[in-house]
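Down below is the structure, laid out as structure tokens.
The values are calculated or read from the model by the stated rules, or taken from the named source; none is laboratory data. All values reported here derive from a predicted model rather than from experimental measurement. Here the Cβ positions follow ideal geometry from the backbone for every residue, glycine too, while neighbour counts run over all protein chains shown.
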């Protein structure tokens with residue numbers, strides 16, 4: 001449906017605005033109904049499937065992927081990561097122990113966490129795909 005010609009809008013602004021408002025309300029209601037149908041389908045089909053996969057997930061397998069990725073970090077980054085996540089040292093404590101700046105510790109943790117997060121997302125996707133089949 002094309003644009004309404006300018007001369008028709010000028011002749012009956014009130015009618016035009018009423019029709020435009022009516023069409024917008026109809027469009028919004030239709031959109032809400034589509035969203036409600038999608039939500040209902042999601043609730044009925046997708047969520048139960050995901051919960052079944054979640055129940056069957058082997059967290060030991062995911063832990064193996066985590067350990068593998070941590071061990072593949074560069075030595076200094078791995079050391080900083082382990083001090084922070086396994087020994088619960090603060091950034092300041094790590095910096096003092098290793099005689100490096102706090103900013104270096106932060107940078108190393110950000111880099112390590114980003115790398116680990118990406119690897120774990122890929123591993124989790126593979127595990128989920130394995131359980132779906």
- Query: Within region 1-100, which helices (runs of 4 or more DSSP H) (wholly inside it) include 1 or more residues that are out of contact with any strand residue (DSSP E or B) (no Cβ under 6 Å at 6 or more places or on another chain) and modelled with pLDDT of 75 or more?
  - Reply: 13-41, 59-71, 75-85, 91-98
- Item | Subset of region 101-133 [exposed (fewer than 11 other Cβ atoms within 10 Å of the Cβ), modelled with pLDDT under 90 and more than 18 Å from the chain's Cα centre (by Cα)] | 132, 133
